Amino acid sequence: MPIYNDIIKTLNIKVDNLESIDYAFKNNHSYYFIKLVSRGVFCPRCGRYITRIQTYDSISLNHSIFISHHTTVIYKRRRYICPLCRVTESEPNPFQSSHPKLTNETVKNVLILLKDYNQTFSMVARKTNLSPTIVQTIFDEHVQIKRKPLSEAICIDEFYFSRKAENKYSCLLINFKNGMVIDVLPSRKKANLRSYFRNIPQHERERVKYVSMDLYDNCRDIVKIYLPYALICADRFHIMKIINNALNRIRCDVMNKYSENKKSDEYYLLKHKNNLLFKNSLDINDTKSDRNRHFKMRYTEGQTLDMILEIDSKLKEAYDLKELYCIFCEANVDIDFRKELLETVIVEYKLSDIEYMRNIAMTLENWEEEIINSFHIYDGRKLSNGPIEGRNRIVKIILRLANGYTNFNRFRNRLLYVLNKHETYSEQILDVHKIRKTGTPKKKR
Ligand SMILES: [Zn+2]
């Protein structure tokens, strides 16, 4: 039966255990009719070896291994009967999973497909000819991932989870060294963070040496208490984002002044060339010129940027302050001198005429120590939430494709399963009670 080799292999049947196999194809659907060799079983009650067949059950199993068409295995299963006890027992088979209607290979296939973050439960369901609910059930039963141990250097970052959930923001905990996700926390609220860290054994908490985080006071307070030996580092890139946001607001304010004449040079520059404001000045090209359609002239990036900065003195001031922070970040100096530099930066921001910038001065002051800490080197790199950035992007994709999740535990398992490359599923079926109960009940109509 060489043409059946593939199917026999995916069903895990040894050739000498196969009595017959037949095939039919109808409406783009494959059917395999399978019967195993009669080998008898042991009576579950008296232990006697029994070979008397009472009946055959016809069992239909979804065997989703080909994307192009659906496959069903129709298995003629023997039921033996003990002549003494009258107890019946079905013959064992190597392909039926613990899900009554699915083969082992189907379950495996579902779990492999779900490892890809571009796949939603519904997409996998369509591909495997199953219902989304069954796909979710398979996932819940086989993927329940435990927290990883805390590492020496960790990053904490919040992300937007769901508008419908009790906790709108969740947190990612990541190992700074290898980017592995340690855990996904359901909430960024102080009480939740406290109970989370309190439940981690003390010796493990005391091992943490560095924690990089966004500028979130609640998180800082909790880390100070529960990770007592950790140096807290404020993420420099997050601060850069705040400064850029302020610069962008000023750009918009200035641009709106020219909005009545949308053909003006000023409006054109602020609207279409604003990316130059946010670029690091070291990356601004001053040698290569490009033809500008608006001016019908050739300009370099540097010349265009100069024109933008001449439009408004406030914009120029905001830009210079942004650059000052960049210089502070990039300066190759020791910690003591870095402290002095940061003091200078704060003073300049405080003296600004722009309210946004004065507000940033307060933030910088509030996080002064943590900003300086972030220049410590660990594992050859300065500490930051850099390792989180790429992960955050995947989190967003997963949430967007699924149109949000309502069950946080399922979402947490999915993230850990997808984001940690070597994470795998359990072969055994796990208790789903814990996962299901926190699902938000559907609203009654
Ligand atoms: Zn018996």
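Quick notes on this one:
- Residue pairs whose Cβ atoms lie under 7 Å apart, separated by 6 or more positions or on different chains, with the first residue in segment 39-61 and of a type in the set (S, T, Y) and the second within 9 Å of the ligand (Cβ to nearest atom), are Y49/F42.
- Flag for T103 being out of contact with any His (no Cβ under 6 Å at 6 or more places or on another chain) and within 30 Å of Q428 (Cβ to Cβ): no
- The set of residues in segment 103-122 that are in contact (Cβ under 8 Å) with a residue 24 or more places away in the chain and either among the aliphatic types (A, V, I, L, M) or within 16 Å of the ligand (Cβ to nearest atom) (or both) comprises V107, V110, L111, L114.
- Top-ranked residue of segment 310-322 - restricted to ones that are in a helix (DSSP H, G or I), open to solvent by 20 Å² or more (accessible area, probe 1.4 Å) and touching a residue at least 24 places away in the same chain (Cβ under 8 Å), ranked as farthest from I239 (Cα to Cα): I311
- Segment 115-130, residues that are of a type outside the set (D, E, K, R) and surrounded by 15 or more Cβ atoms within 10 Å (Cβ to Cβ): Y117, Q119, T120, F121, S122, M123, V124, A125, T128, N129, L130
- Segment 73-102, residues that are away from the ligand (no atom under 16 Å from the Cβ) and open to solvent by 30 Å² or more (accessible area, probe 1.4 Å): I74, K76, R77, P92, N93, P94, Q96, S98, P100, K101
- Among the residues making up segment 46-72, those that are open to solvent by less than 50 Å² (accessible area, probe 1.4 Å) and either over 14 Å from N93 (Cα atoms) or within 16 Å of the ligand (Cβ to nearest atom) (or both) are G47, I50, T55, N62, H63, S64, I65, H69, T71, T72.
- Scan of segment 16-45 for residues that are open to solvent by 90 Å² or more (accessible area, probe 1.4 Å) and within 16 Å of the ligand (Cβ to nearest atom), ordered by number: F42, R45
- T133 passes every criterion in (1) surrounded by fewer than 19 Cβ atoms within 10 Å (Cβ to Cβ); (2) more than 16 Å from the ligand (Cβ to nearest atom); (3) part of a loop (DSSP other than H, G, I, E, B); (4) not charged (D, E, K, R) apart from (3).
- Helices (runs of 4 or more DSSP H) lying entirely in segment 335-445 (those with 2 or more residues that are among the aromatic types (F, W, Y) and over 22 Å from H142 (Cβ atoms)): 335-350
The values are calculated or read from the model by the stated rules, or taken from the named source; none is laboratory data. Bear in mind the structure is a predicted one, so any value in this text is a computation, not a measurement. No Cβ is skipped: glycine too gets one built from the backbone with ideal geometry, and neighbour counts run over all protein chains shown. In case anyone asks, the SASA skips ligands and DNA or RNA and just uses the protein heavy atoms, side chains included. Shrake-Rupley method; radii C 1.70, N 1.55, O 1.52, S 1.80 Å.
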